[in-house]
């Protein structure tokens, strides 16, 4: 076997007259390396993007939402006590939600207000652990609110400043409907890292939300957190049985299905497109080996006359082609892992170097570029690249082994 390895590596070190073949081999290696690295990077970014969005969306919204038959849900504490006793349920949170116009310093934005009890906001870690200024304890004051960092920046307010909330559901007077307005003090500012929430969400005490939105002794819905979010659809049936189908129950998978399905489709399409890079590189291996076989026809004939079998000739060229594939795959693996694990640092460097925003939070929802390397996916990419590389060497190797020594020497 050492003989085949020696000859194959000697063929890879092309001489001056065989320089063009060597160039094709190098391009094949680079193509496989870039294809493997790009696949690993893109799949890691898509995984990170999906995971970060999932964590933030579920961290804010919960896994199940229970609504009443009408706009308002009454006797919610009784329903809460029934649901919280179920096995898979961690916490049930009463929530009032409404849309408002928020204004300050002659600036205004649309916003979503969520009224929650202080203890519920403290235990919602995605909020409590991301308070950048102020404190949740400030919500002890009935007329205090918590706003997102991007909203605070756009309105030009800070902790202790006042904002005005204007509800579209106004008060009816003899002079017509007058918008309901009230001033609130900013007690804390949160920075979740997701543009949609940081720029448009406001949290206020539940009792104050009941007054502002006219929900006396009622709420908008109950927010349910589960130990195993993937079992949300099964829990919908369980809760419907407990509540005797008198309420509407929605799980996060159905509520966000279109969003996450779009991410999954994009991920699959990107995988197929980027796999073509490796396929093109594999075709380059075929072309370089075929040219090498044609160029080494006389050498093959001499080896055959000296006693080399067809299997030995086939192994020589198989090792030559496989070496390109294995080297390119290994180099691409190292490059892809290194790039994926440091992608945020690389983005910041390129952003400072070019002076452009390469990952706008307004477009991509997140303020940082995430990447999660999935071991099984990386293994699949590596095995796919090796399979295509080995497959590309079979025909040229077979052609070399089938070469007739007499015919090869006759035409030399």
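Read-outs: derived from the displayed coordinates by stated rules, not from any lab. Bear in mind the structure is a predicted one, so any value in this text is a computation, not a measurement. Ideal geometry is used to build each Cβ from the backbone, glycine not excepted, and the neighbour counts take in all protein chains shown.
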note = Per the 1/(1 + (r/R0)^6) rule, R0 = 51 Å and r from the Cβ atoms of residue 398 and residue 265, FRET efficiency to 0.05 is 0.80
ask   = In what sequence, highest mean first, do 256-266, 150-160, 39-49 appear when ranked by Cβ atoms within 10 angstrom?
value = 39-49, 150-160, 256-266
request  = Take every DSSP beta bridge with both residues inside region 69-246 and express the antiparallel ones as a percent of the total, to the nearest 5.
outcome  = 75 percent
key: Computed E for residue 164/residue 283 - FRET, C-beta separation, R0 41 angstrom, nearest 0.05   = 0.05
inquiry  = Relative contact order for region 69-246: what percent, with Cα pairs under 8 Å and sequence separation of 6 or more?
reply    = 33 percent
remark   = Checked region 69-246 against the a/c 1.5 cut and the a/b vs b/c comparison, axes a ≥ b ≥ c from its Cα gyration tensor; verdict oblate
note = For residue 242 and residue 330, extending 7 Å from Cα along the Cα-Cβ vector and measuring point to point gives, in nm, a value of 5.7 nm
inquiry  = If you average the C-alpha positions of region 21-93 and of region 247-269 separately, how far apart do those two centres end up, in angstrom?
reply    = 9 Å
Förster-model FRET efficiency, 25 Å R0, residue 348 and residue 103, C-beta, rounded to 0.05 = 0.15
